[in-house]
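The values are calculated or read from the model by the stated rules, or taken from the named source; none is laboratory data. Here the structure is a predicted model, which means the values were calculated and not measured. Heads up, the Cβs are rebuilt from the backbone with ideal geometry, glycines too, and the neighbour counts pull from every protein chain shown. Only protein heavy atoms, including side chains, enter the accessible area calculation; ligands, DNA and RNA are left aside. Shrake-Rupley method; radii C 1.70, N 1.55, O 1.52, S 1.80 Å.
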Amino acid sequence: MNNWYSFLQLQASASLGCHSISFGETSFDYTVNPKKCSYFSPLIHLGAILVEGKDAKKFLQGQVTCDLNQLSQDNSILGARCNPKGRTLVNFQLHELNDQKLLMIMHHSLVVSVKDELSKYAAFFKVCLVDASDAYIYFGLSSNYAVMQDKVSFSSSIFHYNDGRILTVCSLECAERQWLELQRSGVPVGTERWRLLDIQSGFAFLQEETSGIFIPQMLNLDYLNAISFKKGCYTGQEIVARMKYLGTLKRRMYRVAITDTEAPFPGTPCFLPDTEQSVGNVVSAAYAGSNNYQLLLVLTDAAADKKSLMLGSNNIKEIEYLSLPYIK
């Protein structure tokens, strides 16, 4: 991975941090319509677990929320792994590299813990779990993918977002060639810009600070087709199904805009002013230009119509609620 990081550091205006990168984006860059520009981003905040073996699909089918019968080399899917209480430990994109190789792409901070947790059950199957974070490189492409596809060769697995963006996977050996091809057709953007596009699409990868807090429906994973209610049993399935058929969901994920000097950290608790009981948590936050930030918050119904909230100890007096593309 060091060679790949060294290559990225040599690119124009690249500033490399710990699992983040910037290409000198300005406030103006955050207001540009991605549908009119071709963006691409090296997604160095992500990692992956390779599930390899004859029983790869059979094994995961009993462990995760998504239906692996919908997975193919032409159709990557979203899913989640829950604990027995139905709380989401991780959400991921699942790619089929071949019949016996499945790649679970997730936030880098959860790779080790999820691999260790899944390994407890892998002994009963012909399957091997490998931390493949250093073996594959992930690029995010803006919604001008159709235009870029005519100019760039994608020989790797592709996931299509609901807003037209894609995530493409390539081997470490092909990463520099893929970058140079993308650079001929698009403009590189950093981690923060890509996170903002995720938030605008109503999606966020959980990370260490937010693992185990939410049931999948709180993260709108039912809207994102990341939960199958027909596939049968998996860890946490009873709680997830009961919430759909018998329960009342009291918390949901909302997209909001705030003005502040810095973004709140994922997992930050939310409170109503002058109260001490938490009404939700920050899932993700990203800079949106001119001291504005967009956030995904999981909030109670009662809190979701309030114009002011405490985010940790910070009193946000003006909160603007924004639309999510999959909720009409």
Identify, by number, the condition in (1) open to solvent by less than 20 Å² (accessible area, probe 1.4 Å); (2) touching a Leu at 6+ places or on another chain (Cβ under 7 Å); (3) of a type outside the set (S, T, N, Q); (4) more than 30 Å from ASP29 (Cβ to Cβ) that VAL240 doesn't meet. (2)
Going by the conditions given, is GLU176 acidic (Asp, Glu) and in contact with a strand residue (DSSP E or B) (Cβ under 7 Å, 6 or more places away or on another chain)? no
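Here is a yes/no grid of residues against (1) within 17 Å of CYS66 (Cβ to Cβ); (2) in contact (Cβ under 8 Å) with a residue 12 or more places away in the chain; (3) open to solvent by less than 20 Å² (accessible area, probe 1.4 Å):
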| position | (1), (2), (3) |
| --- | --- |
| PHE203 | yes, yes, yes |
| LEU206 | yes, yes, yes |
| GLU209 | no, yes, no |
| ILE213 | no, yes, no |
| GLN217 | yes, yes, yes |
| ASN220 | yes, yes, yes |
| TYR223 | yes, yes, no |
| LYS230 | yes, yes, no |
| GLY236 | yes, yes, yes |
Which residue is nearest to ALA204 (Cα to Cα), if the candidates are limited to region 219-253 and must be within 20 Å of the chain's Cα centre (by Cα) and of a type in the set (Lys, Arg)? ARG252
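Conditions tested, residue by residue: (1) part of a strand (DSSP E or B); (2) open to solvent by less than 30 Å² (accessible area, probe 1.4 Å); (3) on the phi > 0 side of the Ramachandran plot; (4) touching a strand residue (DSSP E or B) at 6+ places or on another chain (Cβ under 9 Å).
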| site | (1), (2), (3), (4) |
| --- | --- |
| TYR5 | no, no, no, yes |
| ALA12 | no, no, no, yes |
| GLY24 | no, no, yes, yes |
| ASP29 | no, no, no, yes |
| PRO84 | no, no, no, no |
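Every residue, every condition in (1) modelled with pLDDT of 95 or more; (2) over 20 Å from the mean Cα position of the chain (by Cα), yes or no:
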| position | (1), (2) |
| --- | --- |
| PHE92 | yes, no |
| ASN98 | no, yes |
| LYS115 | yes, no |
| PHE124 | no, yes |
| ALA135 | no, no |
| GLY140 | no, no |
| SER143 | no, no |
Can you tell me which condition GLY247 does not meet? The list is (1) buried (at least 17 other Cβ atoms within 10 Å of the Cβ); (2) modelled with pLDDT under 90, and all the others hold. (1)
So which residues in region 89-102 are outside any loop (DSSP other than H, G, I, E, B) and either aliphatic (A, V, I, L, M) or farther than 27 Å from VAL283 by Cα (or both), if there are any at all? LEU89, VAL90, LEU94, GLU96, LEU97, ASN98, LYS101, LEU102
Within region 309-328, considering residues that are part of a strand (DSSP E or B) and closer than 19 Å to GLU262 by Cα, the one most open to solvent (accessible area, probe 1.4 Å): GLU320
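Quick check, is LEU197 assigned to a helix (DSSP H, G or I) and either of a type outside the set (S, T, N, Q) or under 15 Å from the mean Cα position of the chain (by Cα) (or both)?
Values: assigned to a helix (DSSP H, G or I): yes; either of a type outside the set (S, T, N, Q) or under 15 Å from the mean Cα position of the chain (by Cα) (or both): yes.
Considered against the rule, which asks whether it is assigned to a helix (DSSP H, G or I) and either of a type outside the set (S, T, N, Q) or under 15 Å from the mean Cα position of the chain (by Cα) (or both), LEU197 comes out as yes.
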Tell me whether region 287-295 contains one or more residues that are buried (at least 21 other Cβ atoms within 10 Å of the Cβ) and at pLDDT below 95. yes
Does at least one position in region 55-67 carry a residue that is in a strand (DSSP E or B) and open to solvent by 10 Å² or more (accessible area, probe 1.4 Å)? no
Taking into account only those residues within region 257-273 that are closer than 20 Å to LEU197 by Cα and crowded, with 20+ Cβ neighbours inside 10 Å, which is nearest to the chain's Cα centre (by Cα)? PRO266
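Condition check ((1) among the hydrophobic types (A, V, I, L, M, F, W, C); (2) within 25 Å of PRO266 (Cα to Cα); (3) part of a loop (DSSP other than H, G, I, E, B); (4) touching a helix residue (DSSP H, G or I) at 6+ places or on another chain (Cβ under 7 Å)) across all residues:
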position	(1), (2), (3), (4)
MET104	yes, yes, no, no
VAL111	yes, yes, no, no
VAL114	yes, yes, no, no
GLU117	no, yes, no, no
LYS120	no, no, no, no
LEU129	yes, no, no, yes
SER133	no, yes, yes, yes
TYR138	no, yes, no, no
